[in-house]
Every structure is written in C-alpha cells, then in structure tokens.
C-alpha cells in the first residue's frame, strides 16, 4: 500500500531538514534534558543493541561480563528515547540465561517429547512440506500456514517470506490482522500510504496534539518525554480514551467516551466544524474527494445525539473541534485500541476526515501517527527481486483457521502465539487438526504444548540483525553472545529449508548481515540505509533512503503538499470502505445482537510491564510489577453487583469464563470492565499466571481484522465451594 515515490521524497528535502533543525535548536538530549550518565557496572565490554519488544525500538548499551549479560541501559544519544527504557526492556537481561528456556530441538511421539538434532529437525520439516506438495499437487498452496511475525530480526521475516513465496504458499497470518490492520487499511485507502504520515519529533512543531486512544505512558513509555517537551512548549494535548490512564495526567484535557462510541464522537466533532464554518470550502473542494458523503454522515450527530450515545457533553465536542479547526497545525495520534472494535474503520475514517477538512494532513506540525505504523515498505520488491514463483492470493487469518478446522492444512509454522486471536481456544483446536505443527520459541508455553516439533530460537543478545520502529527508523543489533549449540536464528532455519526445497533458486547467504545487503540492493527505498550508516547512528536511520548521498528525512512523509493517492486528494469516498455509516460494535450491549445476559462493556489492553508475545511473563524483573489477573470496575458497578476490593470474581462472555480479582477505581466508567491482555498460564511466576484473555473474547472478526473490545460480558462472585 506504500506508494511513496523517489520524486516525492527528493523534492522539498531542504525545507524538511531546516524544519527538523529548528525543532529544538540543540540536540534532543540538551533540548529535553538528560541527567548525568552513571558509570557502568564492572564489565568486560559494552555492545550496541536494541530492544525487540515494542516499536519504540530503543537502542541499548548491553553490558557484558564474561559470557553473561549483566545489564542493559538505554543509549543516551538516541534521538527518539533520550536513553530511557521501560520495565519490559529491562527484563531482557534475564532472557538469555533463563532457567526455563528451551535449549534443544524436540519431537513429540506418542505424546512424549524426545531430543533430536537441529539437522534432523530441518530434514523432518522439509520432508513434510515435500510430501504435502506431492500429495496435493492442485491445492498444496493453501496447505501450509505461517503465523508471523518472526521477532528475531527483519532478516528472519524476509527469509521466511521468501521461502513461502518460492514454494507458492501465500498463507501468512500477519500480526496486523489482530493489531493495526484496520487503521493501516483505512489510511492506505484514504491517504495512499498505510504508514504514519509524520514522526513524533513534529509534536514540538504543532499547536494541537490529539491523542485518540493513544495511551503512550503505558504502551510506549519512552515517548513520554516528547509529550512533556510539547506541553512545556505550549502545545495543547487532548486525550480521548474510554479509560483514565496515566497518559491523561500529561494532557491538557481528557475526554472519556463510552466504549466503542469513538466514531460518533468523531462525527459529532466533524459536524460542529462544518456547522460553525471552521473550514475552507475552496480548499476542501480542491483537496477532498467525497466531502458531501462526510457531511451527510456527520449531519445526524447533533450535540444531543452525541451525548446520548457517547456520554460526552456538548462543551467537550466543541472543545475538540475548536482546538483542531482553530489551530494552524495539528497532529492526530491514532491509538491501537481504535482498530480493536468492529466499527473501527468508520471511526478512523471520520478522524482522518477531520484532519483533512481542517488542513492538517501535510507539512511540518501536521499529520497522523498510527500506533504501530512505522513498518517500512519493500517486502514485495524484495520477493520480486529474487523472481520467486507466482503465488496465488493468500487467505486472511479467519479463513486459514477455517481451513485448519477442516483438516486441510498439513504444516503450520507456529512462530507467533495463537493466543492473540479472539476465541483463541477455538483457534488452538483448529491448529491441533493440522498435520504437523512446528513451534519456534523459547519456553514451554501454550504453543509448545500442542507442537509436534519444537525448535528453540535465539534470544535477543545471541543474534544480529535489523529491526524497524514506529518512527520509520531502522536500527541494527550486534551479536553479544554466541549462539548456543542446537539453537538457531530464524533466518538460518528458513534458509536451510529453502536450500533443501528450492536448491536452484533460494539465495545462498551465511548471515543476517549478508541477507540485509542483498535486500538493500534489491529494494530502491532501502539503498541508502547502509550497514555503516546504521552502525554510526544511535537512533537508527529513517526509511525511505534512496541513495547513499542523500540526507536522512524525518517528519512528514508527504512532499509537494499532496497526498499519495492517485489524484493527490483525501479519499473520503473510497469504494472499498463503502457507505459512511456508524454502528455499535459487534456484540455490544447496545447493539442489535446484544444480550441482556451480558450487560457490561468489555475492554482489554496493554500494561507497561507486559509485552504481547508474553515473553516478559517469565521474568522476575517484569513480574515484580504484576498484580495478577485483575479486573477494573467503577464504584457504581461494584455497588450494583455487591463486589468488594480484592474479591475474586469470574468474567463471563458468550464463549467462556475467566477468573480475576476486583480492583475498584474511577479510571473506568460505570457499566464497563477492563482487564490486562497479556498474561499466560504456563509461567512459573504466580503473579503472571492466568488463562489467556482471548479465551473469553468472542469471534467478532470483520472483513479486515480480528477485534477485541466493546462486546458484552457479565461479572459475578467466584464460587468458593
């Protein structure tokens, strides 16, 4: 979906760089304040690395004594983080030497696991793939599935994608389908790019920063420094979220709509802007395709109707509209939670339209940031560069699960957790009907329990490779520790399979570094991001970068003051998005299919110490912050159900039950519950042990992505008998 052209990026480059220089007038560390560096621990060496967890992609100083990592600290010269880190990143120290870590390949026979060699394991997988192709010559393409991503490095992702492409197997279950695909798809259709259109440093060049569901304090803690600096500079920060999270403490105003009603609030704000004449009609006529559709969609949402549906009063609707429309510059940050409602596309459509009609999409201090919208393009060009076999169109994750349920999948690569999908027990049962399950991971978790073959992967410090972050930045990680015997990097495993199954076509490379260079040479937008340039930068290098003699560009992705759509206009009237109509989320207590049996609005989300792949559930460093499986409820809800602080309860939905402990607070609204997402049942740390939250999340997948929030649930006291 990235239609970024070299021409668009080369033009206006000087102006962009001048704006970046004027942002602070000094280095980021000087501008935002950095305390004195502490002396390092007594160590033998310090190696540059990066954190593998969230897309802040903190660069690190990894301190090593002998053959052990003894500490990690943020690189103080990182432009984006200033050297800060969160509890998840600190937990990395424990990972490589964790006592529960899997260290040898194992195969399951007759319900029992036995050790085998890495070479034998590769042969076993290759034989299974070859057998599937021979037994099903007409439809083998769909009989293998890969659960992505591969967290080791971008090179591992490329190696796996290339294998699947060359074998003509298109079924890759991308993480975005249950993460940000709703937002990315909508942005791509309306703007011509699925990426964030600007970077966080532009928060210092704007007048209004509208955080809509973007809980930075808990999801991206190192970015709090940018909020603080923006606020001190006089930027008005408005936070819209159904919960009162720690991010609210950093903002000028917090607006709290009912769960799932963000789209109504957005349309109400649009209506106010239109009715108050706070937009340039000539500009809109020239730059917005489908304004009439937007106007008609917003018209029913009067202040009274908005308050009835969202609970937000008129003065708050006016405040948001007046702030955005009345400012010279405004940036909108879309929270990942917006993609986790079945009505998310229409909500995001309304918000992007608000930015468009108020002239806040292009230029310094304007734009849209998507919560995890920094993934660079180039994957398709990389695959084409190696002339892989033409593969049929891939199925979405929901249809792949249906294939599994029918026993029509022979091999599944379980690189990522199935627990990320709604109604995950059903997904688990579907995977177990597959012919051969290959798990690549680190602990004997829920995925390992159902695998036929277990292949241990390298921990962060044992592998080198590139990663990408939320600001479109690419970073490089050096190897710190040697790879243990019988443990393999992901790229090596998929390369070894490729060399067996496609010996004349799969490229020969001996390291992630070598594969990176091969990909860089084959993808124009990566050519300027050399390994030498990456090694010299403590912050990473911003993509795209077409030539080595170019200068790096941050800020707006748009050049020439136009969007990347075919006609350069904002496409409000996208045919793919259809009619501009807002509905309650599927399964909502207020929806047509809502049930009186489930009267409470269910929400879940991230907390600062848990990463979505649940690795951090196994570390004491992160575990010390854990409060176990809890559920937040409002005092009014507690009174209604006669519940007390710390009391054991059961959350029940249409697909299951989940035990929790009550936390009574004003951070959530009456009639709503909230519970953290990323606990697991296989950890030895009791505070982190819980059944996956998605065991009780109904299968409300829409045509684009899986959804998590806004459906109905009930709560009742735990039966002690």
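A few remarks follow.
- Where strands (runs of 3 or more DSSP E) sit wholly within the range 345-441, those with at least 1 residues that are free of Cβ contacts under 8 Å to residues at least 60 places away in the same chain occupy 436-441.
- Test: residue in the range 532-549 that is surrounded by 13 or more Cβ atoms within 10 Å (Cβ to Cβ) and more than 28 Å from the chain's Cα centre (by Cα): no
- Flag if residue 25 is touching a helix residue (DSSP H, G or I) at 6+ places or on another chain (Cβ under 9 Å), loosely packed, with under 13 Cβ neighbours inside 10 Å, at pLDDT below 85 and in a loop (DSSP other than H, G, I, E, B): yes
- Looking across 172, 235, one residue alone is touching a strand residue (DSSP E or B) at 6+ places or on another chain (Cβ under 7 Å), at pLDDT below 95 and over 20 Å from residue 56 (Cα atoms). It is 172.
- The range 164-193, residues that are under 16 Å from the mean Cα position of the chain (by Cα), in a loop (DSSP other than H, G, I, E, B) and crowded, with 23+ Cβ neighbours inside 10 Å: 180
- Residue 209 touching a residue at least 60 places away in the same chain (Cβ under 8 Å), in a strand (DSSP E or B) and farther than 18 Å from residue 704 by Cβ: yes
- Residue among 471, 504 that is at pLDDT below 95, under 26 Å from residue 176 (Cα atoms) and part of a loop (DSSP other than H, G, I, E, B): 471
- Those residues of the range 188-204 which are under 19 Å from residue 323 (Cβ atoms) and touching a strand residue (DSSP E or B) at 6+ places or on another chain (Cβ under 9 Å), in sequence order: 198, 202, 203
- Taking the listed residues 539, 511, the one that is modelled with pLDDT of 95 or more and within 15 Å of residue 469 (Cβ to Cβ) is 539, with no other qualifying.
- Residue check for residue 198: closer than 27 Å to residue 335 by Cβ, touching a helix residue (DSSP H, G or I) at 6+ places or on another chain (Cβ under 6 Å) and either without any contact (Cβ under 8 Å) to a residue 24 or more places away in the chain or surrounded by 24 or more Cβ atoms within 10 Å (Cβ to Cβ) (or both): no
Let's see how each residue does on (1) farther than 26 Å from residue 60 by Cα; (2) touching a helix residue (DSSP H, G or I) at 6+ places or on another chain (Cβ under 9 Å):
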residue	(1), (2)
464	no, yes
476	no, yes
482	no, yes
500	yes, yes
515	no, yes
523	yes, yes
531	no, yes
535	no, no
549	yes, no
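- Checking each residue in the range 246-267 for being closer than 26 Å to residue 673 by Cβ, touching a residue at least 40 places away in the same chain (Cβ under 8 Å) and either in a helix (DSSP H, G or I) or touching a helix residue (DSSP H, G or I) at 6+ places or on another chain (Cβ under 6 Å) (or both) picks out 255, 257, 258, 261, 262, 263, 264, 265, 266.
- The set of residues in the range 706-721 that are assigned to a loop (DSSP other than H, G, I, E, B) and at pLDDT 90 or above comprises 709, 710, 711.
The values are calculated or read from the model by the stated rules, or taken from the named source; none is laboratory data. Just so it is clear, the model here is predicted, and its values are computed rather than measured. Methodologically, a virtual Cβ is constructed for each residue, glycine included, from the backbone with ideal geometry; neighbour enumeration extends over all protein chains shown.
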